[in-house]
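Below you'll find the structure, written out as structure tokens, and then a few comments.
What follows is calculated from the coordinates using simple rules that are stated; it is not laboratory data. In this text, all values refer to a predicted model and were calculated from it rather than measured experimentally. All Cβ positions, even for glycine, are placed from backbone atoms using ideal geometry, and neighbour counts span all protein chains on display.
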Amino acid sequence: MNLDEGVRRMRNELFAYHGEVGSVYQVIQETFYEDEKCGLTEIDFLKVIYPLLPIQKRSPYLEMIKNCALKIKESGLQDREHFHFWTKKPECYGNTNFISIGFQECHFALVIMGYGVLFTLAVLILEILWHKRQSAKMNTNVEMIQSPPAE
């Protein structure tokens with residue numbers, strides 16, 4: 001049975017399909033609806049994550065290969081390649097159906113935002129006037145201090 005047929009039967013019937021995880025997830029991600037992804041379960045069977053390299057016992061290259069493999073793992077190259085080549089399990093977002101919202105539903109929120117903008121502008125104008133008044137008071141106080149007393 002090919003991959004597309006197996007995934008189609010998983011979608012339409014009560015069917016379990018055994019296949020390579022990355023390619024199955026990719027087909028599922030492309031063909032399933034969001035609510036259908038929530039019902040999927042995976043059985044761990046022969047889950048090999050990292051490739052193995054057979055090498056002869058007491059080989060002079062053994063230590064060098066161990067060190068290089070460790071550097072590749074620690075630097076994140078192995079994880080980057082893993083995520084690049086293997087598709088992750090499709091996420092289930094539950095019952096996220098989209099509802100279109102028109103202007104009638106948003107009217108009240110827009111009116112409140114308009115009043116908020118007007119209130120903010122009024123406060124800004126009052127602050128500017130207050131600052132000018134305080135600056136004028138400070139200037140008159142400075143002039144009175146600097147002018148010599150009349151004798």
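Longest exposed-loop-site-free stretch of the chain, with trypsin sites (Lys or Arg not before Pro), DSSP loop and at most 12 other Cβ within 10 Å?
Details: sites that count: 47, 57, 58, 88.
So the longest stretch without any such site is 89-151.
Compared with the dominant Cα axis of the chain, that is its longest principal axis, helix 21-31 is turned about 60°. Here the ratio of the Cα radius of gyration of the chain to 2.2 N^0.38 Å is 2.38.
Taking segment 1-85, which GluC sites (Glu not before Pro) meet the DSSP loop condition and have no more than 11 other C-beta atoms within 10 Å? Answer in residue order: 13, 20, 42.
Can you classify segment 103-144 as rounded, prolate or oblate using the Cα gyration tensor, where a ≥ b ≥ c are the square roots of its eigenvalues, rounded means a/c under 1.5, and otherwise it's prolate if a/b beats b/c and oblate if not?
Numbers: a/c = 11.10, a/b = 10.37, b/c = 1.07.
Prolate is the answer for segment 103-144, as a/c is 1.5 or above and a/b outweighs b/c.
Shown for the chain: cysteine residues without a partner Cβ closer than 4.7 Å, namely 68, 106.
Here, segment 3-85 has an Rg and a Dmax of 18.4, 55 Å when only alpha carbons are counted.
What residue among 86, 103, 27 has its Cα farthest toward the positive end of the dipole of the chain, where the charges are +1 on Lys, Arg and -1 on Asp, Glu, each on the Cβ? It is 86, whose Cα lies furthest towards the positive end.
Give, rounded to the nearest 20 debye, the magnitude of the charge dipole that the chain has about its Cα centre when Lys and Arg contribute +1 at Cβ and Asp and Glu contribute -1 at Cβ.
Details: 16 positive and 19 negative charges, 125 e Å.
Using Cβ point charges on Lys, Arg, Asp and Glu, the chain gives about 600 debye.
FRET efficiency for the pair residue 3 and residue 78, taken as 1/(1 + (r/R0)^6) with r the Cβ-Cβ distance and R0 = 22 Å, rounds to 0.25.
Relative to the longest principal axis of the Cα atoms of the chain, the long axis of helix 3-12 makes an angle of roughly 70 degrees.
For the residues 72, 125, 28, a GNM of the chain with alpha-carbon springs under 10 Å puts the largest fluctuation on 125. Placing unit charges on each Cβ (+1 for Lys and Arg, -1 for Asp and Glu) gives the chain a dipole about its Cα centre, and among 54, 134, 43 the Cα reaching farthest toward its positive end belongs to 54.
Only lysine pairs 8 or more places apart, or on different chains, with alpha-carbon atoms under 29 angstrom apart are counted in the chain, and they number 17. On a C-alpha basis, how far is the centre of segment 82-132 from the centre of segment 1-74 in Å? Whole number, if you could? When both Cα centres are located, 41 Å separates them. A crude spin-label estimate for the pair residue 113 and residue 45, with each label 7 Å from Cα along the Cβ direction, gives 5.3 nm.
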